[in-house]
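Please read the structure below before turning to the comments.
The values are calculated or read from the model by the stated rules, or taken from the named source; none is laboratory data. What you see is a predicted model, and the numbers here were worked out from it, not measured in a lab. FYI the Cβ positions are ideal-geometry reconstructions off the backbone, even for glycines, and counts take in every protein chain you see. Just the protein is used for accessible areas: all its heavy atoms, side chains included, with ligands, DNA and RNA removed. Shrake-Rupley method; radii C 1.70, N 1.55, O 1.52, S 1.80 Å.
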Amino acid sequence: FYQVLGAETHFLGDGIKRAYDAKISKPLQDGFSQETLMSRRQILQAAFETLVHPRSRGEYNQGLLEDTIMTDVPWDKVPGAFCVLQEAGMSEIVIQVGQSLLQERLAKSFKQDIVLIVALSYVDLSRDAVALSPPDFIKSCELLERALKLLQEEGASNLASDLQAQIDETLEEITPRCVLELLALPLGQEKREEGLLGLRNILWAVGKGGASAIAGGFTREDFMNEAFLYMTASEQVELFSATPSNIPAESFEVYGVALALVSQAFLDKKPNLIQNADNLFMQLQQTKVEIDFALERGLCSLLVGDIDSCRTWLGLDNEASPYRDPSIIDFVLDNSLPGLCKLLETWLVFPKFRDTQDVQFKLGDYYDDPTVLRYLERFESPLAAAAAIVKIGTVKASAIKALQKVFPASKTIMVAGLAVSLLTLVGLKFFPPKMDAQFAENLVRRWQEIKSQALGRDHSLSRLPEILEGRMLKIWIERATEIAQHGWYWKYSLLGLTIDSITLTLDGRRATVEATLEEAAPENNDSTYTTRYEISGWKIEEGA
């Protein structure tokens, strides 16, 4: 009775009356039947009358001491008794007995009252979970979801609609915190998968083009950066590949996925993923003109054995190069090959990926792998020869000799204590092993870049095989060769690119892409045209 009234055992008569008046006047959740409200009032009145009179209170207190108090509740007043027990904070008892009662055949109003009381008890326990230090958001969400499910499945269609709305609102507010707690669970724990699914649901807010502001006081960037702390590189990649095309990635997400690709390529010995990462850096370079990604692109080029591109991106051969960073050049010239290795190994530190926090990246492990060697040998890279002689991490005279093609004696290479603080961006979106529309768009953009170089003033025909193969490669080599022989060159730049359609094969390895391109050329020779590409094996083999 003390708990039912919310009174303390030392309260005098006036205190008991004030507790009773507060209970009686307290507004209850809408939805209870009049019978339950009446029986609740009768139970509260019985408790009050027992405790407010000294004689009956003394007998009652004695019964408490002897543990002989038993209050029989008639069946028709059970919902009222449940109501006062729920208000007294006995949520677990209410849920346990209430769920048992709901297995019986009950009258409609009787059942709805029990459903509502049990749901309220779940809500009470949910509040208790949030009040813990630290809060248990996983448990809180689970309890609220049980309450909502109970109201929707066991109650009437409109039972406590305001309570259902409040639960929905609370779930929306605390779900981001719950998702972060789930992601922080040990890798391999089945329940952690719920966090990955919840992350997608939050980001892919229907009809909003992706959530820009997250509930719970998060911005999208703050939320994603915290989520990435608990995610592996492959999970970031999978999230990116599964994201619908109408939900654009933020720049920090694109950058982070590029790093995730490099991490995966290095750990799984899949150098082809490096090219995908470079495509992302290229995308950022085209959209974030105020930020230079030359260092990232140069190191990606080196990892796939494209030495010419590496030297170009680092500005080693051209003092007027816009990509030339004096600190990098000085470091390269002072430290030669060991410095370059140190730069790469420094760059390959990804503490933000959960599966690489304790991994020490060693170039020797990468370049000595048979799969990587075969990949490099396809491009006749001198790095393949060097790696075959000795692990890159242990520099011997024979290895340096093999790498002289990379960095001539006049330009020795350095890279040890270079500050790489600019590489602290964090991110989410990745190019998957299978073709998708975004990958196709970046492939077309890369083709336009290489085409402008092959037909441009430098006549870089050697780059055409990077992006073309088959009949397409043959046609463009002939065309570029003819232009070079005549001493001509084309000068134009890509203004815009729109992917009009993409048709994928079932395995996602081939695609037909139709695109509209806008090009700028001197003397008002701008043009807009539509083209169709047949893409296979990550290269373009036909064009029209």
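Determine if the range 81-90 includes at least one residue that is out of contact with any helix residue (DSSP H, G or I) (no Cβ under 9 Å at 6 or more places or on another chain) and part of a helix (DSSP H, G or I).
no
Would you mention how many residues in the range 91-110 are over 16 Å from Ala147 (Cα atoms), part of a helix (DSSP H, G or I) and either open to solvent by 80 Å² or more (accessible area, probe 1.4 Å) or of a type in the set (Lys, Arg) (or both)?
Looking only at that region, the number is 1.
Would you be able to tell me the number of residues in the range 156-181 that are in contact (Cβ under 8 Å) with a residue 60 or more places away in the chain and either surrounded by 21 or more Cβ atoms within 10 Å (Cβ to Cβ) or on the phi > 0 side of the Ramachandran plot (or both)?
Qualifying residue count for the region: 1.
Does the range 230-247 hold any residues that are assigned to a loop (DSSP other than H, G, I, E, B) and farther than 18 Å from Glu194 by Cβ, and which are they?
Those that are assigned to a loop (DSSP other than H, G, I, E, B) and farther than 18 Å from Glu194 by Cβ: Thr243, Pro244, Ser245, Asn246, Ile247.
Within the set of pairs 6+ apart or on separate chains, which have a first residue in the range 129-149 that is open to solvent by less than 80 Å² (accessible area, probe 1.4 Å), a second that is among the acidic types (Asp, Glu), and C-beta atoms under 6 Å apart?
Partner pairs satisfying both residue conditions: Ala129/Asp136; Phe137/Glu181; Ile138/Glu181.
Scan the range 451-487 for residues that are open to solvent by less than 50 Å² (accessible area, probe 1.4 Å), in contact (Cβ under 8 Å) with a residue 40 or more places away in the chain and more than 21 Å from Ser536 (Cβ to Cβ) and jot them down.
Passing the criteria: only Ser452.
Every residue in the range 71-83 that is surrounded by fewer than 22 Cβ atoms within 10 Å (Cβ to Cβ) and of a type outside the set (D, E, K, R), please.
Thr71, Val73, Pro74, Trp75, Val78, Ala81
Looking only at the range 1-23, count every residue that is of a type in the set (Lys, Arg) and over 51 Å from the mean Cα position of the chain (by Cα) and tell me the total.
Residues in the range 1-23 being of a type in the set (Lys, Arg) and over 51 Å from the mean Cα position of the chain (by Cα): 2 in total.
Quickly run through the range 182-197 and pick out the residues that are within 21 Å of Ala147 (Cα to Cα) and surrounded by 20 or more Cβ atoms within 10 Å (Cβ to Cβ).
Leu182, Gly195
Between Leu517, Leu473, which is modelled with pLDDT of 85 or more, touching a Leu at 6+ places or on another chain (Cβ under 9 Å), in a strand (DSSP E or B) and aliphatic (A, V, I, L, M)?
Leu517 is the lone residue from the list that is modelled with pLDDT of 85 or more, touching a Leu at 6+ places or on another chain (Cβ under 9 Å), in a strand (DSSP E or B) and aliphatic (A, V, I, L, M).
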